[in-house]
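Values quoted throughout were computed directly from the atomic coordinates according to the rules given, and no laboratory measurement underlies them. All of these numbers come straight from a predicted model, not from anything done at the bench. Every residue, glycine as well, gets a Cβ built from its backbone with ideal geometry; the counts of neighbours run over all protein chains shown.
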Amino acid sequence: MSEHGTALGGWDRRGRAPEEPGDTVWRLRSRACWQEAAELLRPAAEHDPTAALGRAELLIEQCMFTGSHWQQAEQALRLAEAGVTTAEQRAAASCARGFLAYVASVLGPRDRLDEAQAALGRTSALLAPNAPGRPLLDFRRGLVAENLQRDPTAAWIAYRRAHDGAQERGDELLRSYTWRHLAALALANGDTARAHEGFAASLRLREQLGFTVGVAPALAALAEVSEPAEAARMRSEAARLVQALGGVPVWLARRLSALPAPGAPPDGRIGRETGGALS
């Protein structure tokens, strides 16, 4: 998700697009208004490869949260790919291509694992070992390992590298994702204390950044390792946020609507599903 990028896709270290008017783009994006944000970037995207990459990443993120709008994201990415002129821009485009293939494999109609792996491999070949885009690349490789290859060990290694790199670069939005995924792996291994620490850190960062569309998934994740009463409160708040944002993330909306009301399961958790690992 471009939302983590610094060099990749042109986002700043807090996950915000630097193109003018960057603050407006960030506010729209964080409130699930990807179409409006993409329209603001359209004029610059027609002649600026970095803006075109940022716009493509916005629309790929929309796919991740809505499970739709695939063709629009594909068209924006092709435009960005056609305009790249530097190795860094080619790496950014390839990383975005790999992420789109990953999201489509999880939420779309067909498996695009081979495409995702090839694109992320090209990205790695284009980037220097300490390049600014490495943490985002590592995170996306972790997603593929965890959710498509079902390899938690490889996923943990990739997430750990991404987490450390994001911390070095001050990329707080990416860290909200790495915390969340490292916590999910800890929970799968039965380490609820470490899972609670990671889910809580992810939620705290998203609230501090004002990344509203990412708060509901963070609340639902933390609820999995909280006491029943607190878990029920968190799920209720997550459901309220999902409704306020028009039903996104769609996979979380389905998950929350399937819960019994008004109570929660005796252990205060809800089962994990593939979609919950996306954001």
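Can you tell me how much longer the chain between SER68 and SER257 gets when fully stretched, taken as 0.36 nm per residue apart minus their C-alpha distance, in nm with one decimal? Working shown, then result.
On the way: separation 189, 0.36 × 189 = 68.04 nm, distance 1.96 nm.
Full extension from SER68 to SER257 adds 66.1 nm.
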message: Whole-Hz ³J(HN,Hα) for each residue in region 55-66, computed from phi via Karplus 6.51 cos²θ - 1.76 cosθ + 1.60 with θ = phi - 60°, x for glycine and proline: what do you get?
response: 5, 4, 5, 4, 6, 5, 4, 4, 4, 5, 8, 10
- prompt: Which value in nm describes the separation of the simple spin-label points at GLN243 and ARG78, placed 7 Å from the Cα toward the beta carbon?
  reply: 4.1 nm
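Where the convex hull is taken over the Cα atoms of region 2-277, what is its projected area averaged over directions, in nm²?
13.0 nm²
Figure the gain on full extension for GLU36 and THR86 (residue separation times 0.36 nm, minus the Cα-Cα span) and round it to one decimal in nm. If you can, show how the numbers build up before the last one.
Values: separation 50, 0.36 × 50 = 18.00 nm, distance 2.83 nm.
Once the chain is fully extended between GLU36 and THR86, it gains 15.2 nm.
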Most positive-pole-ward Cα, ALA220, GLY190, ALA118, against dipole of region 2-277 from beta carbon charges: GLY190
